[in-house]
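Heads up: the structure comes next, in structure tokens.
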């Protein structure tokens, strides 16, 4: 310890409270290292509030310590706040120590996401005798967190690693102040850590001396492997093998939905898809999401046509867990799709995986560490050099999203029934839950309820109100009402599209009046119609519908969502009557059985009206011959975007009367183009351009009339890259904002619900 020799070396003792993501990220080792380096005394420990440090020494050295911690934060660390309190001097101890974590009152600490191996661990994976090809390598800079933590404070005994006592060598690393694994809670090696075992579908162990070589050989021969990873099970096969991919689709009952692939290296990925520097940066970042990228038409890699049919984009990821680094050859491209039914939560429990996948996978590659919390892969896209989330989960969850003006209330927002993700807040920090899936089945219901309870316990938050979507039939809304009634707290119902816009307002702290442009598939409208093409004037808890896309019927109600041919047929009859041109007469004859009954009934039946932009895209896609029914969400709209190719298109007719943006003339122009034999790709491109111009013109009119300077766009339709490109080109009035930290689709809805709920309670 430095002695007090003059006035400039005044001795002080500081208590420093650090909050944020400061546990499980190497923060205590960093504190200890700098304390020893500066010859300071004191201690550090984790507790339910974050990290607490007491430190004593010369004032100048204490300031140097604080500066060093800020400048040299660990890779995964996020400090949201720190408070310094001056304390009385203590001379009993002249050392600095790392103390045992304290269990205490509800706190405010957060935890980091699960991340890919750091460069140091990757080097060890190929050179360290204790960790060569060890599929669970980690340190304080990388590895699992969210998926293994059972409770806080973050210590090994409160994680699923408690079942694996450290060997003497690992324990030595764990206690080495100078080492990278100092207090690294998941620390392990070949001697003491989890292991992988190969099984048959009936859970019989396969005797293998070289498990990695044998699994690679199985995949090369066309076999399908159920692989237990970080947050759940994946189904894996060779993406260049047509037969293997077809078998996977048939067994999983996923006929058309694109399958994600894992490239063994960035070099292999670059041979497969186009990518700019930002896309490359996202692909190789520590979060390692699936990135939607443009496929190369002349790639030397023969990717099976069944991987992503009718899609110019390919979902690509790089190895993000040590097992991938060990198993996947650098020149390989493997299908790596979630081991679940489409829309379901990811399978993560061994018993359930063997039960659900026994007729899908040929073999199971399983490790013996429990996955405490499931996590699906995140999916992102880069549009205009900006990251856009399609699905926010592994790699990002549960890192908080800072949001000002949330008020003093802690809230629970339930999200939607599609692409469900709930949210809670602690003050101005929003904790968006992981991607749960579509709430159609009991399995996702159970996952949602369990994960909400986990968040409340893990982050010591107790909601004072519940925010739900106004749709009366949503399971998420019904569950929210039940929670509110059980706990005797208010339940606030908010409109779907208002919530979409509010999610953008929350991200950017837009406190003034905003023009909200919400375009999606469906949302419950208070006027009894289905909304989905809305121009809303939004201000805190209030909104006003100023304009919308023209309403058209949904023949057959909900069936029209999954069967776009129904609305397409309505357009044909409205325009041509009984004098249908031959090209569409032939189209009609290909419709599913029962179309004649619907065709006759449309003249007299009462039909739900919808202003949905998503349904408009579906109908136009059907009219252009891109499909009649959906086997997955937005299938035909995705095909329509891909169909544009390099065509520029032109602006077609549309109408606007100050309240209704009418695309009926646009649809009629497209049908006439088909009848005349015009290039359908040109018509598809023209449709995108026309919709973009229409949206921009209506926005400009409203913003000028109402004196609004900021506009926010949200909703699943705006995940269309072609549409967004056209909008950015045509936008010419005021500022345009879009979601950056959460999905524009229903996966980000809960953030907007929280924002509205906070403003309602403030009134």
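Could you work out the helix-only [θ] at 222 nm for the chain, with each DSSP H run of four or more residues adding -39,500 (n - 2.57) and the total divided by the number of residues, to the nearest 500 deg cm²/dmol? Roughly -10000 deg cm²/dmol at 222 nm, from the helical runs in the chain. Against the chain, whose longest principal axis is taken from its Cα atoms, helix 442-458 shows a tilt of about 40°. For region 560-580, list residues with backbone N below 20 Å from a point placed 7 Å from the Cα of residue 668 toward its Cβ? Output list for this probe position: 567-580.
Extension gain for residue 428 to residue 586 (0.36 nm times residue separation, less C-alpha to C-alpha distance): 51.1 nm.
For the chain, the longest principal axis of the Cα atoms and the long axis of helix 565-576 meet at an angle of about 30 degrees.
Sorting 253-264, 645-656 by average packing, meaning the other beta carbons within 10 Å per residue, from highest down gives 253-264, 645-656. Distance between the C-alpha centres of region 533-574 and region 298-322: 34 Å, rounded to the whole angstrom. Spin-label pair residue 473-residue 735: with each label point 7 Å from Cα along the Cα-Cβ axis, the two points sit 4.0 nm from one another. Distance between the C-alpha centres of region 446-525 and region 582-615: 35 Å, rounded to the whole angstrom. Residues 763, 252 in ascending order of nearby Cβ atoms (within 10 Å, fewest first): 763, 252. What do you get for the angle between helix 613-623 and the principal long axis of the chain? Use alpha-carbon atoms, 0 to 90 degrees, nearest ten. Long axis of 613-623 versus the principal axis of the chain: about 50 degrees. Report the calculated FRET efficiency for residue 242 and residue 678 (r = Cβ-Cβ distance, R0 = 41 Å), to the nearest 0.05. So the FRET efficiency works out to roughly 0.75. What percent antiparallel are the DSSP beta bridges of the chain, to the nearest 5? Just about 75 percent of them are antiparallel. Measuring r between the beta carbons of residue 89 and residue 277 and using R0 = 51 Å, the FRET efficiency lands at 0.45. Shape annotation for region 582-642: C-alpha extents along the principal axes are 35, 28, 20 Å, from largest to smallest. Considering only DSSP beta bridges whose two residues both sit in region 196-379, what percent are antiparallel, to the nearest 5? Percentage antiparallel, nearest 5: 80. The calculated FRET efficiency for the pair residue 487 and residue 441, based on their C-beta separation and a Förster distance of 41 Å, comes to about 0.95. Take the Cα of residue 659, step 7 Å toward its Cβ, do the same at residue 75, and the gap between the two points is 5.9 nm.
Where a number appears in this text, it was derived from the coordinates with a stated rule and is not lab data. Values in this document were obtained by computation on a predicted structure and should not be read as measured data. For neighbour counting, all protein chains shown are included, and Cβ atoms are generated from backbone atoms with ideal geometry for every residue, glycine included.
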